[in-house]
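Worksheet: the structure to be examined is printed underneath.
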Amino acid sequence: MPQSLANVLVHIVFSTKERRPFLQDPDLRDEMHRYLAGISANLECPAVIVGGATDHVHLLANQSRTIALAEWVKELKRASSLWAKTKTPQWSLFQW
């Protein structure tokens, strides 16, 4: 039986709302990066690397054939925002 294979690498970059530097603490920033990698893995889009700065993130990952790019990014931002708001009082107003 024939099989379709795809290897699509996507570089996603998004920033905090109004470029607020929510990600200043290196430990919390690393935790956010790990959380984003986990969300992506659960969507069958394994991350190659996640990084960024105090006001934005970069995610390089393999896009699954079963999810649209817009839905993938929407879920990354939605789930990580909900998680961040419960993580620390300084992040109670966190938004992408």
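The values are calculated or read from the model by the stated rules, or taken from the named source; none is laboratory data. Model, not experiment: these values are computed from the prediction. No Cβ is skipped: glycine too gets one built from the backbone with ideal geometry, and neighbour counts run over all protein chains shown. Calculation scope for accessible area: heavy atoms of the full protein, side chains included, ligands and nucleic acids excluded. Shrake-Rupley method; radii C 1.70, N 1.55, O 1.52, S 1.80 Å.
Residue-level check: of (1) touching a residue at least 24 places away in the same chain (Cβ under 8 Å); (2) open to solvent by 80 Å² or more (accessible area, probe 1.4 Å), Asn42 misses just (1). Of all residues in region 56-67, those satisfying the criterion of being modelled with pLDDT of 95 or more and open to solvent by less than 30 Å² (accessible area, probe 1.4 Å) are Val57, Leu59, Ala61.
Each residue in region 16-35 was checked for being in contact (Cβ under 8 Å) with a residue 60 or more places away in the chain, surrounded by 15 or more Cβ atoms within 10 Å (Cβ to Cβ) and not in a loop (DSSP other than H, G, I, E, B), and 1 pass.
The residues of region 68-96 that are buried (at least 16 other Cβ atoms within 10 Å of the Cβ) and part of a loop (DSSP other than H, G, I, E, B), listed by number, are Phe94, Trp96.
A single entry from Ser64, Ser80 fulfils the requirement of being in contact (Cβ under 8 Å) with a residue 12 or more places away in the chain and under 9 Å from the mean Cα position of the chain (by Cα): Ser80.
Taking the numbered list (1) exposed (fewer than 13 other Cβ atoms within 10 Å of the Cβ); (2) in contact with a strand residue (DSSP E or B) (Cβ under 7 Å, 6 or more places away or on another chain); (3) part of a helix (DSSP H, G or I) in turn, Ile49 passes all entries but (3).
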